[in-house]
1. Sort out which residues of the range 35-53 are among the hydrophobic types (A, V, I, L, M, F, W, C) and closer than 22 Å to GLU200 by Cβ, and write them in order of number.
2. Any idea which of SER134, SER95 is surrounded by fewer than 18 Cβ atoms within 10 Å (Cβ to Cβ) and more than 23 Å from LEU52 (Cα to Cα)?
3. Any residue in the range 141-164 that is surrounded by fewer than 17 Cβ atoms within 10 Å (Cβ to Cβ) and within 30 Å of GLY23 (Cα to Cα)?
4. Between a first residue in the range 216-243 that is free of Cβ contacts under 8 Å to residues at least 24 places away in the same chain and farther than 23 Å from GLN158 by Cβ and a second residue that is within 15 Å of the ligand (Cβ to nearest atom) and β-branched (Val, Ile, Thr), which pairs have beta carbons less than 6 Å apart while being 6 or more apart in sequence or on different chains?
5. With the requirement that a residue be at pLDDT below 85 and either in a helix (DSSP H, G or I) or in contact with an Asp or Glu (Cβ under 9 Å, 6 or more places away or on another chain) (or both), what does the range 112-152 give you?
6. Which ones in the range 193-250 are touching a Ser or Thr at 6+ places or on another chain (Cβ under 8 Å), within 13 Å of the ligand (Cβ to nearest atom) and at pLDDT 90 or above?
Amino acid sequence: MAEPLTDRRSVKWAAARRAWVRGAARADTEWVTLAVTDAQEYMPNEGTLHTLLFDLAHLRRPKEAAAFVGRYGLLLHSAARFNARKDSEVRERFSDWLDTAHALTLALRTYRLLRQAVTGDSEALGHLRAERPSLAMRYTPGEEDDLDDATLLRYASQDLAERVTLGLELAPISLVSGADPHMKGSALRDAPGAFAFLCECWTPRQYAYWRLSHVIAHHETLRDCADCGRPFGVTDARQRYCSTTCANRVRHQRWVAKRPNTTTP
Ligand SMILES: [Zn+2]
């Protein structure tokens, strides 16, 4: 079955309307720390947020967390919460970052398995079945040993929806017009008569779940990058790399390979 590509109109509501705080941070295996003097408030927009979900899901090391704070901001601090701080720096537990990354990775995996499994893919069904202990709270006693495919898919779907809903942390949704100054930098900007849903995400973590809810609800096609292996949202059927960085790296490697006489210093 051909996969529909992302409906581009549906991702125009990606922008957040709340200011976030970002800046040069330090991070180790215990803390991710942003000093007040290094922090800067800014309004995130679609351009800024393009790969946030996948950057966060893929995050494993403290230095990636520091880079994330520089690009997007602290994971759990809204600008209001940051401004209400009493100390000269604000820190978050690195373990909370890892937990979030892990939860997002799992949710993305479940989503992909579900999409394959509902078309009858027996390997995907097998993977979902292997994860059924995580659905234990849904079983009636004794059901676990004898769970039929349809029930398994129903439980896994419900479970995924609830995990994402929890991650959204009750973020309010607004309807905005393209004329709204908050749509600056958006594809909707100044489009007469154009409207979009907008999620008022206080924190980057909320936004990651908001974006994930789109991926799921719009059946977006995900692919693993042919270079670095990270999952990414496909917007063009020919797209094989997660970012221009990966595409350029591969292009450069091919260029070098084609020039056998060139010696690298
Ligand atoms: Zn890549």
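The values are calculated or read from the model by the stated rules, or taken from the named source; none is laboratory data. All of these numbers come straight from a predicted model, not from anything done at the bench. Every residue, glycine among them, receives a Cβ derived from its backbone with ideal geometry; neighbour counts consider all protein chains shown.
1. ALA39, MET43, LEU49, LEU52, LEU53
2. On the way: SER95 fails: more than 23 Å from LEU52 (Cα to Cα).
Testing whether each residue is surrounded by fewer than 18 Cβ atoms within 10 Å (Cβ to Cβ) and more than 23 Å from LEU52 (Cα to Cα) leaves just SER134.
3. No, the range 141-164 contains no residue that is surrounded by fewer than 17 Cβ atoms within 10 Å (Cβ to Cβ) and within 30 Å of GLY23 (Cα to Cα).
4. ARG223/VAL234; ASP227/VAL250
5. Selection gives ARG132, PRO133, SER134, LEU135, ALA136, MET137, ARG138, GLU144, ASP145, ASP146.
6. CYS225 - this is the single residue of the range 193-250 that is touching a Ser or Thr at 6+ places or on another chain (Cβ under 8 Å), within 13 Å of the ligand (Cβ to nearest atom) and at pLDDT 90 or above.
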